[in-house]
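All remarks here apply to the structure that follows.
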Amino acid sequence: MKSSLIIVLFFVAGIVLGQTGLLPDGISFDRLSIIVLYILMVFIGLSFGSDPRLPEILRSVSLKILLVPISTIIGTFLGILIYNWLIPDLGLKDSLAIGSGFGYYSLSGVLITQFSGESMGTLALLANITREIISLLFAPILSRYFGKLAPISSAGATSMDTTLPVILKASGKNYLIISLVHGVVLTIAVPFIIALIYKVL
């Protein structure tokens with residue numbers, strides 16, 4: 001929760017700073033966003049590579065475990081199709097891309113900004129932050145009424161880091177490996193799925 005609030009505060013600070021006109025002219029924010037994205041991907045790789053649990057995670061990967069992130073992807077897309085049918089104003093392509101952030105707001109926001117503009121990028125950021133906040137707040141309820149895997153699926157890509165403590169408390173320590181693998185798979189999948197959506201649809 002704290003990390004999500006910090007992200008929101010930085011986002012609001014950026015809006016305020018941009019509106020004040022204090023920034024020097026000629027700054028290419030698109031270029032800076034791409035550079036930050038590359039740096040972010042390097043740190044994600046370092047995080048995976050330096051995690052002592054990585055060998056255990058890789059040994060635990062099986063088709064059965066991979067069904068959890070696959071189900072999350074399918075469930076998210078079905079939800080987006082229903083939403084787009086009820087509220088078609090946003091457009092199917094952008095709706096699918098925003099949902100494909102799977103809670104990974106920093107990466108999906110930057111990518112969608114590159115493909116579809118700042119408005120969609122901002123919407124992606126807010127939508128995926130909201131997904132994380134909902135997962136943090138309602139993990140116990142999701143676990144109780146929808147099963148132990150529900151908080152993991154709801155958390156999306158964040159099930160391996162920011163929402164992991166809440167997931168373990170709600171679902172139990174037996175779900176640690178599933179939650180980590182789920183988060184890793186979705187984190188890796190996010191840039192590929194978003195790019196595929198914008199190139200194919």
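The values are calculated or read from the model by the stated rules, or taken from the named source; none is laboratory data. Quantities reported herein were computed from a predicted structural model and do not represent experimental measurements. So basically every Cβ, Gly included, is an ideal-geometry build from the backbone, and we count neighbours across all protein chains shown.
Looking for something within 27 Å of Ile178 (Cβ to Cβ), at pLDDT 90 or above and out of contact with any Ser or Thr (no Cβ under 6 Å at 6 or more places or on another chain) - is there at least one such residue anywhere in the range 110-118? First the steps, then the outcome.
From the range 110-118, those within 27 Å of Ile178 (Cβ to Cβ) are 111; that's our starting set.
Still in the running and at pLDDT 90 or above: 111.
So of that shortlist, the ones also out of contact with any Ser or Thr (no Cβ under 6 Å at 6 or more places or on another chain) come out as 111.
Yes, the range 110-118 has at least one match.
Just name the residue that is farthest from Leu54 (Cα to Cα) out of those in the range 133-157 that are of a type in the set (Ser, Thr, Tyr) and out of contact with any Lys or Arg (no Cβ under 8 Å at 6 or more places or on another chain).
Among those that are of a type in the set (Ser, Thr, Tyr) and out of contact with any Lys or Arg (no Cβ under 8 Å at 6 or more places or on another chain), it is Tyr145.
Would the range 8-26 turn up any residue that is surrounded by 12 or more Cβ atoms within 10 Å (Cβ to Cβ) and either at pLDDT below 70 or on the phi > 0 side of the Ramachandran plot (or both)?
yes
Against the definition (farther than 20 Å from Ser33 by Cα and more than 13 Å from the chain's Cα centre (by Cα)), how does Ile74 come out, yes or no?
Answer is yes for this residue.
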